[in-house]
């Protein structure tokens, strides 16, 4: 059985999908990952087939439109974010959809995520394929639970207000961004009739939906449907032959454990100013720091001896060396920090990042998040002091990390996928034809 996985997004979006793909391949499936050109090496070095989506997502987020999306934020600027994302998607959706359709031509099943569900639904319909939706943040399926919504009018509470807000605003979000280009694609390429949003949502909700995060972090609501499962995280311990540079080892040996700071795929226009802000904050907090350059190339300018800059690195190794982590709240970096049992300071930019910041704070594993537009050296210094110096916060993070490490999210997800596909293909071992 050939499973084509549409993994469209940043490094943190693709890594868990690759981890899941490796486990499916170990069970006998033939797995192809459709992803950005910048993520193809990650897929291939982990032994999976890769197909180009025709877009380099790192270049995309470093473009003018990419800067506009990252800087839009949520909250009061939500409508601005929506307009900027719609503009970005309109420009690139035709390329992405064509690549996904071409790669799925010989598939037996299709798997997608939040950014690619909108493409997978019509492709699965056209080709008659079973569909698996693999989510790294709470699925766009309405719930009363404010703990399981990216944006909740009643956060932390069970409320009908949450449910109806979700129905009105969250469920239709991707549809509103991309329905014009998807409608044209259905007609011009797939030869399918026009589809209304509710019909799209019903078809999406009939898929197997698996969520690659821990129920210890996001409690699974009772009002979610039976085909929606929270499995635990899908970590990929891919080191790519990475070993810590001697300069990094020397820095770690030279003093107390530093604080890690990294914003992953988030890009900024004023790199030097942001780097200066980070240095001022950790110096005010009296801490050493490791800054990861990331897609923004942080670390510009003259650095004090108390700050060290690294490029690509193993978070699993690095997080064993630090006292706390400061990051943007991407699902992948959040998972890595929590799995390591580290107090976490989240500086959310947009998307699901404010949600992860709120969950970390609610669990007592980190201070309240600081929205990117409100970041100052003083606020960050105070958050770092809390993360490093509050015994209860450190204990909460350590206990949560132990619970997460005890889960087998990948094994649970694979078992669900096998069971789902077995019902469709009519055999107890859906991958046996590939395995044989």
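Return the only residue of 269, 287 being surrounded by 13 or more Cβ atoms within 10 Å (Cβ to Cβ), in contact (Cβ under 8 Å) with a residue 12 or more places away in the chain, assigned by TED's automatic domain parsing to the domain that holds residue 357 and more than 30 Å from residue 212 (Cα to Cα). Give the steps one after another, and end with the answer.
Details: 269 fails: surrounded by 13 or more Cβ atoms within 10 Å (Cβ to Cβ).
When all the criteria are applied, what remains is 287.
Residue check: is residue 123 buried (at least 16 other Cβ atoms within 10 Å of the Cβ), closer than 24 Å to residue 5 by Cβ and free of Cβ contacts under 8 Å to residues at least 60 places away in the same chain? Working first, answer last.
Numbers: buried (at least 16 other Cβ atoms within 10 Å of the Cβ): yes; closer than 24 Å to residue 5 by Cβ: yes; free of Cβ contacts under 8 Å to residues at least 60 places away in the same chain: no.
No; evaluated as a whole, the condition is false for this residue.
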For the stretch 158-171, does any single residue satisfy the condition of being touching a strand residue (DSSP E or B) at 6+ places or on another chain (Cβ under 8 Å) and either surrounded by 15 or more Cβ atoms within 10 Å (Cβ to Cβ) or in a helix (DSSP H, G or I) (or both)? yes
Single condition residue 365 does not satisfy, out of (1) crowded, with 19+ Cβ neighbours inside 10 Å; (2) touching a residue at least 60 places away in the same chain (Cβ under 8 Å); (3) in contact with a helix residue (DSSP H, G or I) (Cβ under 8 Å, 6 or more places away or on another chain): (2)
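Being closer than 20 Å to residue 241 by Cβ and either surrounded by fewer than 20 Cβ atoms within 10 Å (Cβ to Cβ) or modelled with pLDDT of 95 or more (or both) is true for just one of 31, 43, 55. Which residue is that? Lay out the reasoning, then the answer.
Numbers: 31 fails: closer than 20 Å to residue 241 by Cβ; 55 fails: closer than 20 Å to residue 241 by Cβ.
Every option except 43 fails the conditions.
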Criterion first (in contact with a strand residue (DSSP E or B) (Cβ under 8 Å, 6 or more places away or on another chain), buried (at least 18 other Cβ atoms within 10 Å of the Cβ) and part of a helix (DSSP H, G or I)) does residue 89 satisfy it? no
Which listed residue is touching a residue at least 60 places away in the same chain (Cβ under 8 Å) and either surrounded by fewer than 16 Cβ atoms within 10 Å (Cβ to Cβ) or not assigned by TED's automatic domain parsing to the domain that holds residue 356 (or both), from 191, 264, 255, 241: 191
Confirm whether residue 428 is over 18 Å from the mean Cα position of the chain (by Cα), assigned to a loop (DSSP other than H, G, I, E, B), modelled with pLDDT under 95 and surrounded by fewer than 19 Cβ atoms within 10 Å (Cβ to Cβ). yes
Please go through (1) touching a helix residue (DSSP H, G or I) at 6+ places or on another chain (Cβ under 6 Å); (2) assigned to a loop (DSSP other than H, G, I, E, B) for residue 203 and return the number of the only condition it doesn't satisfy. (2)
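Just give me the residues in the stretch 385-412 being within 19 Å of residue 25 (Cβ to Cβ), out of contact with any helix residue (DSSP H, G or I) (no Cβ under 6 Å at 6 or more places or on another chain) and in a helix (DSSP H, G or I), in sequence order.
Residues satisfying the conditions are 409, 411, 412.
Answer yes if at least one residue in the stretch 128-144 is assigned to a helix (DSSP H, G or I) and either on the phi < 0 side of the Ramachandran plot or surrounded by fewer than 16 Cβ atoms within 10 Å (Cβ to Cβ) (or both), and no otherwise. Can you show your working first?
As a first pass, look at the stretch 128-144 and keep what is assigned to a helix (DSSP H, G or I): none.
Checking the stretch 128-144: not a single residue is assigned to a helix (DSSP H, G or I) and either on the phi < 0 side of the Ramachandran plot or surrounded by fewer than 16 Cβ atoms within 10 Å (Cβ to Cβ) (or both).
If the requirement is being within 18 Å of residue 113 (Cα to Cα), surrounded by fewer than 17 Cβ atoms within 10 Å (Cβ to Cβ), in the same structural domain as residue 100 (by TED's automatic domain parsing) and without any contact (Cβ under 8 Å) to a residue 12 or more places away in the chain, which of these qualifies: 202, 198, 206, 154? Quick ask: steps written out before the conclusion?
Working: 198 fails: within 18 Å of residue 113 (Cα to Cα); 206 fails: without any contact (Cβ under 8 Å) to a residue 12 or more places away in the chain; 154 fails: within 18 Å of residue 113 (Cα to Cα).
Going through 202, 198, 206, 154 in turn, just one is within 18 Å of residue 113 (Cα to Cα), surrounded by fewer than 17 Cβ atoms within 10 Å (Cβ to Cβ), in the same structural domain as residue 100 (by TED's automatic domain parsing) and without any contact (Cβ under 8 Å) to a residue 12 or more places away in the chain: 202.
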Selection count where residues are closer than 14 Å to residue 49 by Cα and in a helix (DSSP H, G or I), scope the stretch 1-14: 1
Suppose we filter the stretch 387-398 for residues that are free of Cβ contacts under 8 Å to residues at least 24 places away in the same chain and under 26 Å from the mean Cα position of the chain (by Cα); how many remain? 1
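The values are calculated or read from the model by the stated rules, or taken from the named source; none is laboratory data. Predicted model only: the values in this text are computed from it and were never measured. With ideal geometry, Cβ positions are generated from the backbone for all residues, glycine too; neighbour counts draw on all protein chains shown.
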